[in-house]
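> Okay, handing you the structure first.
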Amino acid sequence: MIPRSRTVSLLVLGAICLAACSSEEQPVQKLRPLALKEQASNIVKSADGYAVTWAGVLSNANPWHFGEHVVATIVGHDAKGAEVVRMDQPLDAVPPGGSLAFTGQASATQKPAKVTIQYRPAQWRQAARIASAFQRFPTSRVQTMRQKDGAFLITGYVDNPYSVPASTLVVNALLRDKAGKLLGGGSTFVDEVQAGSPPRFILTVSGLPKGAEVAKTEITARTWGSTGRPYEDLALSGAVPVHTIKPTSEPFAVDRNTQIVSEYKQ
């Protein structure tokens, strides 16, 4: 039999251990910063100076978190290093384990010799669903047509894989050469996108260098907004079933699985 004094001592020691364990801080999950995978910029003469266009792709390596309230800063310097153009561009939320294509345009009174894209660190928020729940918005019947002025007219259709309508989607077009190098891009908006009724989008990409050979047009669509809430609401509503038509073939007279099992037992 354990003496009462020893029992009390053990209880006190256990309470101290529990208090110490509960006071320990939980390990903080380390999140990887967003990465600017690609960027391209072009400068052309315009009526009021120079038109500066750019395109970029941000990637999010964190499979459980949205990168929100991201702001890209585009800076152009002349040949002497003086800043001639600067613009802050708020970006849409970067989905978990996904990427974000973005494009933009600004005006400069003097010609920049170099344009760079930087971005402020994202604010992270854990997603309510796994990364695979955030499906791509399918695009179809995409056409890219070069215009007489050197610009590219791009048309197509964008669909919604979810059961509820998407209020606003941003459609981005990235143009690439034969080697896959990013040349430039453009963006547009489509509203009230319902599953099975894809609306048409039309956008123009201008400002590419003379003689640029476009070999591929890459179209992506995403929800609009600096937070991932619109995308999350769609994912929580559930995706539309892929197969909704009943089979038309006659059923088997004998279940093959049952037949195989019975033959195996014999």
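> Got a sec? Which strands (runs of 3 or more DSSP E) wholly within segment 66-180 have at least 1 residues that are more than 24 Å from ALA35 (Cα to Cα) and either touching a Gly at 6+ places or on another chain (Cβ under 6 Å) or not β-branched (Val, Ile, Thr) (or both)?
On the way: elements: 71-77, 83-90, 99-108, 114-119, 123-126, 139-146, 152-158, 166-176.
Qualifying strands (runs of 3 or more DSSP E): 83-90, 99-108, 139-146, 152-158, 166-176.
Results for (1) under 22 Å from SER46 (Cβ atoms); (2) among the polar types (S, T, N, Q), shown as yes or no for each residue.
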| position | (1), (2) |
| --- | --- |
| GLN147 | yes, yes |
| GLY150 | yes, no |
| ASN160 | no, yes |
| ARG176 | no, no |
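> I would also like to ask the following. Out of SER140, SER132, which single residue is modelled with pLDDT of 95 or more, surrounded by fewer than 16 Cβ atoms within 10 Å (Cβ to Cβ) and among the hydroxyl-bearing types (Ser, Thr, Tyr)? So that I can check it myself, show each step before the final result.
Values: SER132 fails: modelled with pLDDT of 95 or more.
Unique residue meeting the criteria: SER140.
> Which of (1) within 23 Å of the chain's Cα centre (by Cα); (2) of a type outside the set (A, V, I, L, M); (3) over 20 Å from ALA40 (Cα atoms) is the odd one out, the single condition PHE102 does not satisfy?
PHE102 satisfies every listed condition except (3).
> All but one of (1) surrounded by fewer than 17 Cβ atoms within 10 Å (Cβ to Cβ); (2) on the phi > 0 side of the Ramachandran plot; (3) not polar (S, T, N, Q) hold for GLY207; which doesn't?
(1)
> Right, next: Has segment 194-212 got at least one residue that is in a loop (DSSP other than H, G, I, E, B), in contact (Cβ under 8 Å) with a residue 60 or more places away in the chain and in contact with a helix residue (DSSP H, G or I) (Cβ under 8 Å, 6 or more places away or on another chain)?
no
> Still on this model: Would you call LEU234 surrounded by 15 or more Cβ atoms within 10 Å (Cβ to Cβ), under 24 Å from THR53 (Cβ atoms), touching a strand residue (DSSP E or B) at 6+ places or on another chain (Cβ under 8 Å) and in contact (Cβ under 8 Å) with a residue 12 or more places away in the chain? Step through it out loud before you land on a result.
Working: surrounded by 15 or more Cβ atoms within 10 Å (Cβ to Cβ): yes; under 24 Å from THR53 (Cβ atoms): no; touching a strand residue (DSSP E or B) at 6+ places or on another chain (Cβ under 8 Å): yes; in contact (Cβ under 8 Å) with a residue 12 or more places away in the chain: yes.
Against the criterion (surrounded by 15 or more Cβ atoms within 10 Å (Cβ to Cβ), under 24 Å from THR53 (Cβ atoms), touching a strand residue (DSSP E or B) at 6+ places or on another chain (Cβ under 8 Å) and in contact (Cβ under 8 Å) with a residue 12 or more places away in the chain), LEU234 does not qualify.
> Looking only at segment 66-80, decide whether some residue is surrounded by fewer than 18 Cβ atoms within 10 Å (Cβ to Cβ), among the aliphatic types (A, V, I, L, M) and touching an Asp or Glu at 6+ places or on another chain (Cβ under 9 Å). Lay out the reasoning, then the answer.
From segment 66-80, those surrounded by fewer than 18 Cβ atoms within 10 Å (Cβ to Cβ) are 69, 71, 73, 75, 77-80; that's our starting set.
When the remaining residues are screened for being among the aliphatic types (A, V, I, L, M), the result is 71, 75, 79.
From what's left, touching an Asp or Glu at 6+ places or on another chain (Cβ under 9 Å): 71, 75.
So far as segment 66-80 goes, yes, one or more of its residues are surrounded by fewer than 18 Cβ atoms within 10 Å (Cβ to Cβ), among the aliphatic types (A, V, I, L, M) and touching an Asp or Glu at 6+ places or on another chain (Cβ under 9 Å).
The values are calculated or read from the model by the stated rules, or taken from the named source; none is laboratory data. This one's a predicted model, so the numbers in the text were calculated from it and none came from an experiment. All Cβ positions, glycine included, derive from the backbone under ideal geometry; neighbour counts span all protein chains shown.
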